[in-house]
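Read-outs: derived from the displayed coordinates by stated rules, not from any lab. Computed from a prediction, not measured in an experiment: that's the story for all the values here. When we count neighbours, we look across all protein chains shown, and the Cβ atoms used for this are built from the backbone with ideal geometry, even at glycine.
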Amino acid sequence: MAVGSARISGRLLSTACLLLGISAPAFGQTAVTAAQPVPGNAVPPGQDTPGLEAEAAAGQGALVSIMQAARPDYDAQGAHVGSFILLPTLDMTETFTSNVYAESFNTKSDFFTTLTPTVALNSGWDRNFLGASVSGEINRYSRYVSENTSNFSGSGSGRLDILQGMYINADGGYQILHEPRGSANAVNGRVPTEYHLAHGEIGYVKDNSIIGLKIFGTVNDYTYFNVPAANAPGQIVETDRDRTEYEITGRLSYELAPQYRAFIQASGNERDYAQKIDFGGLQRSSTGYQVDAGASLSIASKVDAEVYIGYLEQDYADPSLSPAHGLGFGADLLWNVDGVTSVRGSLSRTVQETIVVQASSFIQTALSVSVEHEFRRNIVASAAFTYTDQDYQDFGRDDNIYGITLEGKYLLTRNLSTSLDVGYTKKVSNAIGISQLAEYEQALVAARLRLQF
């Protein structure tokens, strides 16, 4: 597809977003995650949302897992401020990492301490939802102090319930983040790359009749900062990665039978780089689309699942960069096997941005499977496996990343809990020898104390 014919201006997309009403989650280095940041390079454990927040914020009739479920005897009660509930928390985490810089050889281990204060203010209404949160993440290393980082996240969200099964939701936020050393786009800088992310989304959902409709989309704006080179004078240019990404998605569904729906969906995106020609002499701005067909299953308090397959394509402004295209697919599963066990799974295929000069992008296939179990009302645990394949276009490089995470949580009182996370990550690549960062192994052990009120 020619870029000229496919390009949709950012201004037009923004206007369409406002007119249509849109919302969608995103994940990965070039996307937003609602989960609390995990210190350092740890493999993220399962979503860990306090019970008072999870069910209210998720949406009408949303299914939650064992780790997310409300526990009235152990959830913080918060402070009532009119019809709102104020929920302050403080996490103190001590982590050991076997590979601070996520390197192939000459690895270095260290301990680091993380303080994560969070304040959330959520409505306590029977209908509709309004909430806001502010959090920080302060990482301090024992020996390798160049890795010290301070992150910030502020967000607000709302949901307007029109009828049962029909609502409008929106959220926005701003984050100050640092790129993990193990990231696909990490550079060999003296310090981790800092970047800022502004995010907005708005959407409309109608699934209370035989024909369902969802219209949603996002705007993400990325700002990167140059970093001093680790083994050479001068700086590594990162500002040419600054960009704004727009995406619109529409889904039309049909109820085949109670609890079963078939759907078709289509999305369009624009990735607009502020610097039209990057440091490598390439024009990385692009437009893309994806078309899918699939089916979903929803059984109250038991199962929420969907699977889809289709075609995706991303076309680049620079004629020397080949389009990224091929089979698109995805799946999501939340299965509450019984009252004490949940199984979660996800599968996705997306086109991701890259800083590799010879590549237009990489097509990422990501799989995750986890099991959560409640041994006692105040003792819960989870085990997760992740696999990611990153297939670089125009370059012949292929990276595979495997991860395992074990998490155990002990709820002592409403105000105090502890947890222990153990994670292992292994990255293998056919680019070994090109970069010291091409392959690595990393083990992490993190002990956390949470205070909540």
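Within the same chain, lysines fewer than 8 places from LYS426 are excluded, and of the rest, those with a Cα less than 21 Å from its Cα are LYS108. For segment 213-369, the gyration tensor built on C-alpha atoms gives a prolate shape. Its axis ratio a/c (a ≥ b ≥ c) is at least 1.5, and a/b is the larger of a/b and b/c.
How far is the Cα center of segment 273-306 from the Cα center of segment 219-260, in Å? So the two Cα centres are separated by 10 Å. Per-residue Karplus couplings for segment 62-73, computed as 6.51 cos²θ - 1.76 cosθ + 1.60 with θ equal to phi - 60°, are listed in order as 5, 8, 10, 8, 4, 5, 8, 4, 5, 10, x, 7 Hz, Gly and Pro entered as x. The distance separating the Cα centre of segment 67-114 from that of segment 310-338 comes to 31 Å.
Converting phi to 3J(HN,Hα) with the Karplus coefficients 6.51, -1.76 and 1.60 and the offset θ = phi - 60°, segment 229-237 yields 5, 7, 10, 7, x, x, 10, 8, 6 Hz in sequence order, with x at every glycine or proline. Dividing the mean sequence gap of close Cα pairs (under 8 Å, 6+ apart) by how many residues the chain holds gives a relative contact order of 15 percent. For segment 140-202, GluC sites (Glu not before Pro) are listed when DSSP marks them as loop and at most 12 other Cβ atoms sit within 10 Å of their Cβ; the list is empty. A quarter of the convex hull surface defined by the alpha-carbon atoms of segment 366-453 gives 7.4 nm² as the mean projection.
Give me the Kirkwood hydrodynamic radius of segment 266-305, using the inverse of the mean 1/r over all pairs of distinct Cα atoms, in Å to one decimal. Result for segment 266-305 stands at 13.7 Å.
Can you tell me how segment 284-352 classifies by the Cα gyration tensor, rounded, prolate or oblate, using a/c under 1.5 as the rounded cut?
Prolate, since a/c reaches 1.5 and a/b exceeds b/c.
Separation of the alpha carbons by more than 30 angstrom is noted, of LYS214/LYS409; LYS302/LYS409; LYS206/LYS302, for LYS214/LYS409. When only alpha carbons of segment 164-243 are considered, Rg and Dmax amount to 19.3, 64 Å. Amide H contacts under 5 Å for VAL337: SER342, VAL343, restricted to partners 5 or more places along the chain or on a different chain, H placed in the peptide plane at 1.01 Å from N. On the principal axes of its alpha carbon atoms, segment 194-298 extends 65, 23, 23 Å, with the longest extent given first. A Cβ-based charge dipole, computed about the Cα centre of the chain with Lys and Arg at +1 and Asp and Glu at -1, lands at about 500 debye.
Please work out whether the chain counts as rounded, prolate or oblate from its C-alpha gyration tensor, where a ≥ b ≥ c are the square roots of the eigenvalues and a/c under 1.5 means rounded, while otherwise a/b larger than b/c means prolate and anything else oblate? Oblate.
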